[in-house]
Amino acid sequence: MKVVSIVGARPQFIKLAPICRAMERAKDAILHLIVHTGQHYDYEMSQVFFDELGLKAPDYHLGVGSGTHGYQTGEMLKRIEEVLVREKPDLVMVYGDTNTTLAGALASSKLHIPVAHVEAGLRSFNRKMPEEINRVLTDHVSDFLFCPTQNAVENLRREGFTGILNGGKLLPLDCNPSDFPHHSPLVVNTGDVMYDALLLYAELAEKRARILEKLDLKPKAYALATIHRAENTDNPERLGAILEGLERIAREGLPVLLPLHPRTQKRLRETGLHPKDVRVLEPVSYLDMLILEKNARVILTDSGGVQKEAFFFQVPCVTLREETEWVETVEAGWNTLVGCDAERIVQVALEAREGEESIWPYGDGRAGERVVLTIIYL
């Protein structure tokens, strides 16, 4: 079986790593090719992840780069289609909720190549978010929907998907998935591949990363912030209010670190906004980010992945949005939604407390194995 994984952005490289590991163990049954669209292209946002995570070099690098949603998605569609026509894969795998995800799914479905969506079923229920459009459309053209949580399965059930394997429970690893009654499109609860990745690389990060020493940081003595969503960066009022909140937290005596996403950096130049009293950093590697997250007193972010990693490390999280697709983190009390209200950002961050013990919703760290098990047997 020939399988093509299509990736292009930092979170997708992380999700790809556990899949690659599982694919390697099944190499007698699967030929796995990687297509990198080039959505993220700086070293700090792209190649460093392949280097750190031990991923093989992409078989194709399409070099699309940045641009408007329409331009970027259109260029990806065109270039992905050329690769798929040449390679004629049996299955295409897409990851997450970026323009790369949607372009890969559309190109494949129009060529009648089955599509597998890793991290399917997530919903913020905010159609103003480009990521929400990408998620919904990708799910509805996919043949395999690999869900990270039971809640994601239920979202798909409410949208009319009925081919739910094992009743939506976590797929047993000792099973043959073809023994379960099913039909296409197939919905499978695999657990979360990002949790797989954290378990794979957290120990390596402890051994290799020296970011705390480099920045002269003490554990639990700083706040870590990330801002990159278009809804925040493309709205000067929202961005200004968030920066005001971060500045006030720093002035209250809790240092704030802000690794700056290229989109945010560009918007700051365009708007003339400059974070004061906030320690601005270049983008950091995955291993460095894990160490910064694990040792933060509180994390402030608009990133879905960072929200989850905060939960994995049991660090209180303040989400700079009005809604989240990772509702489990909010229900457990580890994550608080504050939007862009500066007053609330400061209050919640400075008063952040640990959440409650709850049922672990993200699987057992073997999601990648379940994905590969399913595609081999089905």
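Just so it is clear, none of the values below were taken in a lab; they were calculated from the coordinates. Since the structure is predicted, the reported quantities are computational estimates derived from the model, not experimental observations. Cβ coordinates were reconstructed from backbone atoms using ideal geometry, including for glycine residues, and neighbour counts include every protein chain displayed.
Arranged from highest to lowest average of other beta-carbon atoms within 10 Å per residue, in what order do the peptides 144-151, 99-106, 175-182 appear?
Values: 144-151: 25.1, 99-106: 26.8, 175-182: 13.4.
My ranking of the peptides, most packed first, is 99-106, 144-151, 175-182.
Among 336-345, 187-196, sorting by the average number of other beta carbon atoms lying within 10 angstrom of each residue, highest first, gives 187-196, 336-345. Relative to its Kirkwood radius, the Cα radius of gyration of the range 51-144 gives an Rg/Rh of 0.97. Mind pulling the angle between the C-alpha long axis of helix 10-25 and the longest principal axis of the chain? Nearest 10 degrees, somewhere in 0 to 90. With both axes taken from Cα atoms, the answer is about 40 degrees.
Counting every other Cβ atom within 10 Å of each residue's Cβ, SER5, SER303 order from fewest to most as SER303, SER5. Each of SER358, SER124 was scored by other Cβ atoms within 10 Å of its Cβ. Arranged with the fewest first, they read SER358, SER124. If eta is 1.306 mPa s and T is 10 °C, what Stokes-Einstein diffusion coefficient results for the range 250-312, Kirkwood Rh from Cα pairs, in µm²/s? The calculation lands on 123 µm²/s. Rounded to the nearest 0.05, the FRET efficiency derived from the C-beta distance between LYS207 and ILE376 at R0 = 25 Å is 0.15. Counting only alpha carbon atoms, the long axis of helix 99-110 and the longest principal axis of the chain meet at about 10°.
Does the range 109-250 classify as rounded, prolate or oblate by the C-alpha gyration tensor (a ≥ b ≥ c root eigenvalues; a/c under 1.5 gives rounded; else a/b over b/c gives prolate, otherwise oblate)? Oblate, because a/c is 1.5 or more while a/b does not exceed b/c. Rounded to the nearest Å, what's the spacing between the alpha carbon centres of the range 308-324 and the range 47-61? Just the number, please. The range 308-324 and the range 47-61 have Cα centres separated by 27 Å.
Computed from the alpha carbon atoms alone, the convex hull of the chain holds 127 Å³ per residue.
Between the Cα long axis of helix 262-271 and the first principal axis of the chain there is an angle of about 50°, rounded to the nearest 10.
From the alpha carbon centroid of the range 210-288 to that of the range 89-127 is 31 Å.
Could you rank the peptides 128-138, 155-165, 264-274 by their average count of other C-beta atoms within 10 Å per residue, with the highest value first?
Descending mean neighbour count gives 128-138, 155-165, 264-274.
The modelled label-to-label distance between ALA57 and GLU351, using points 7 Å beyond Cα along the C-beta direction, is 5.4 nm. For LEU337, nonlocal amide neighbours, meaning residues 5 or more places apart or on other chains whose placed amide H falls under 5 Å from its own, are THR319. Summarising the overall dimensions of the range 209-350 from its C-alpha atoms, the Rg and Dmax are 13.7, 38 angstrom.
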